[in-house]
1. Using only alpha-carbon positions, what ratio does the radius of gyration of the range 175-252 give when scaled by 2.2 N^0.38 Å?
2. Asn138's amide H: which non-local residues (gap 5+, or another chain) put their own amide H closer than 5 Å, with H modeled 1.01 Å from N in plane and none for Pro or chain starts?
3. Which entries in the list Lys104/Lys124; Lys395/Lys442; Lys545/Lys581; Lys469/Lys612; Lys428/Lys469; Lys581/Lys612 go over 28 Å, if you measure between the two C-alpha atoms of each?
4. What are the residues whose amide H is under 5 Å from the amide H of Leu171, where those residues sit 5 or more places off or on another chain and H is modelled from the backbone?
5. To the nearest 500 deg cm²/dmol, what mean residue ellipticity at 222 nm is calculated for the chain from DSSP H runs of n ≥ 4 alone, each contributing -39,500 (n - 2.57), summed and divided by the residues?
6. Just for the Cα atoms in the range 223-365, what are the lengths along the principal axes, largest first, rounded to whole Å?
7. Using the alpha carbons of the range 404-533, what is the convex hull volume per residue in cubic angstrom, as a whole number?
8. Label the range 283-375 by shape, choosing from rounded, prolate and oblate, from the square roots a ≥ b ≥ c of the eigenvalues of the Cα gyration tensor; if a/c is under 1.5 it is rounded, and otherwise prolate applies when a/b is larger than b/c, oblate when it is not.
Amino acid sequence: MKACLQCGKTYPDEFQFCPIHGNALGVVVENEKEKGSGGAGGGTPPSAPSAPDAHASKPNAPAKPANAPAVIRVRTMVSGLMILILLAILGFAGAFLYHYLKPKYGKLTITTTPEDATVYVDGKVQGPSPLNIPKLRNGEHEVKIVKDGYKDFTRRIMVRPYAEDGLHWDLEPVVPQLGEAQLAEIRGLHEKLASAQKENILLPPPEDYNVLYFANKILAIDPADAKAAEARAHLADATRQQAELAYARENWLESEKQYKQLALITPEDGVVAERLADIATRIAASEKDRDKQIQDLRARAEAAMKVGSLTPPDRDNALDAIRGVQRLDKGNAWARDALKRLRELLQNRGDARMASSDWAGARTDFRQLLQYFPGDSYGKTRLTTVEAKLEEAAKQERSAKTAQQSQQRAASVRQSAIDLFAAGDYAKSVSAWREYLKLDPKSDEALFYIGAGYQNQKQFDAAITNFEKCLELNPNNVLAHLNVGLLYDYHRKNYKAAEEHLRKVKDLGGAERFTPEQLDAMIRDMQSRARNQEVAKLAIPVEHKHTFSSCRGTLHFSEEGMEFRTDASDHSFYEAWKGMKGFVIAGDSLTLKTLRDKKYNFRFTNSQDAAKIRAWTATVSSVPAGGDVK
């Protein structure tokens with residue numbers, strides 16, 4: 001029988017596990033004697049009974065074997081399997097929801113023509129173009145491109161998840177692209193605008209020379225021109241301020257004048273028209289005390305002419321006061337006389353400026369004169385003279401500025417060329433010196449460095465050409481003489497030309513490490529080599545004497561040896577000087593003996609050749625001295 005160690009129930013031996021608890025079954029001990037380990041006569045006495053097992057339900061429950069196999073209940077296995085399946089379902093659902101519900105992003109690259117346009121995405125500034133937005137939420141977005149001088153561009157785009165999109169837009173100018181002729185015209189108008197601003201000729205008259213006229217001309221060509229728009233806006237603000245100030249002071253004539261000028265600047269402003277109508281009503285009402293007003297205006301005009309405040313924008317100027325009198329009394333004789341005196345004062349002021357050679361001030365004065373007296377022929381003539389003087393001065397100034405800039409440019413290019421040569425970059429140095437020659441075509445220094453650059457690059461013919469050009473500009477350039485002399489010597493073997501240049505170097509006192517003494521030695525050496533070269537070119541006719549006969553041929557000499565050439569068979573030969581024992585010229589005969597004791601006898605056909613070869617061999621150290629040739 002077997003029993004469950006947990007519940008104590010017994011089962012037949014065929015059972016291995018408790019059907020209720022799943023525990024392994026133990027063997028039931030039936031006889032207490034079987035527990036002992038020995039007989040009655042000996043052995044170890046039985047130990048005292050131990051305390052009852054608190055976990056056992058019965059006192060005789062058998063102990064669980066130590067090597068009993070582990071048992072898992074079916075219900076436990078089913079429960080665990082169900083838990084695993086549930087966890088798998090939950091994990092799959094979580095991954096599915098994360099993949100399809102998480103935020104998705106795409107990449108967007110935006111470029112524009114022209115660049116540096118401000119990019120907005122959904123109303124937020126992202127930066128200037130070209131722009132790379134690496135992480136943009138998928139879906140529809142609004143992109144806006146803004147740049148001064150160009151029309152704003154807005155477009156809705158779709159960003160795809162995990163995709164990279166590139167967008168490019170050609171921005172449209174506010175005005176069509178200007179041609180070269182239009183740009184040139186605008187540049188000229190800008191210069192005139194600046195001149196009118198400097199001379200403070202703001203509004204007409206004259207009709208074709210004032211700030212407003214030039215600003216309107218520019219804006220008619222290019223409505224986006226910022227300088228012209230700013231000039232007109234500033235002019236409108238200043239005129240409006242003066243008009244409102246005169247209106248507040250109840251100076252109706254001045255106020256009317258300023259508002260009329262403001263109407264020229266802003267013709268669409270309805271407020272200005274209303275104010276002019278109001279001022280006209282007030283002027284009409286004030287004409288009741290005309291005589292008193294005329295007296296006040298005359299006094300103001302006389303005082304202004306005394307202090308030289310003749311025309312606007314001077315405050316309380318004579319011209320405005322005289323015109324005020326004419327408004328109140330169109331045929332006023334004093335006003336006509338005052339205008340003549342005013343014109344003479346303006347003429348005299350311009351003449352005084354011309355006398356002091358203040359041509360710019362004179363131009364301003366005569367332009368003011370013609371602004372208010374357009375028909376004044378004297379002023380026109382004087383203004384023409386003044387502008388001619390100013391144009392001449394401007395040309396001289398431009399010429400001087402150009403010359404200064406050219407000098408600065410030349411100095412920079414020259415220093416760069418020198419630095420490149422010193423660094424050993426001869427090719428770039430030659431290019432830099434050629435650039436310098438464009439700025440200073442008479443520079444012998446540039447031609448020398450170009451020649452030296454070619455010389456260092458082993459381009460000897462190009463070097464000689466540039467050294468000779470250098471000497472054409474400066475015949476006393478000692479370094480050019482030295483270098484071209486050396487090149488004629490070792491490159492072209494033109495000893496005569498080389499000697500001429502080296503003698504020039506000596507006459508100029510030498511150069512660097514080449515002292516006059518060294519130059520003398522170099523010249524003597526070249527003369528010797530020149531003679532050798534001449535002799536080497538000669539074919540000297542001789543008769544070669546044999547033991548019983550003779551043959552005719554030619555002798556050829558060099559620093560290395562002597563050669564006999566003849567048509568006779570086996571009689572031509574060459575002997576080096578170092579292989580000779582003796583060499584004797586006596587009269588028209590030449591006898592030589594080799595170290596191998598071979599002897600040759602010749603007779604010069606021309607006795608002059610004998611003297612020439614005798615003189616030459618005396619200067620060549622490699623030719624053996626006359627010796628025993630018996």
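1. 1.27
2. Lys104, Tyr105, Gly106
3. Lys469/Lys612
4. Thr113
5. Computed ellipticity for the chain at 222 nm equals -17500 deg cm²/dmol.
6. The Cα atoms of the range 223-365 stretch 49, 47, 22 Å along their principal axes.
7. Expressed per residue, the convex hull around the Cα atoms of the range 404-533 is 100 Å³.
8. Values: a/c = 2.68, a/b = 2.45, b/c = 1.10.
Taking the square roots of the gyration eigenvalues as a ≥ b ≥ c, the range 283-375 is prolate.
Laboratory data are not the source of any read-out in this text; all were calculated from the coordinates shown. Small disclaimer: the values here were computed from a predicted structure and weren't measured. A quick note on method: Cβ atoms are made from the backbone with ideal geometry, for glycine too, and the neighbour counts reach across all protein chains shown.
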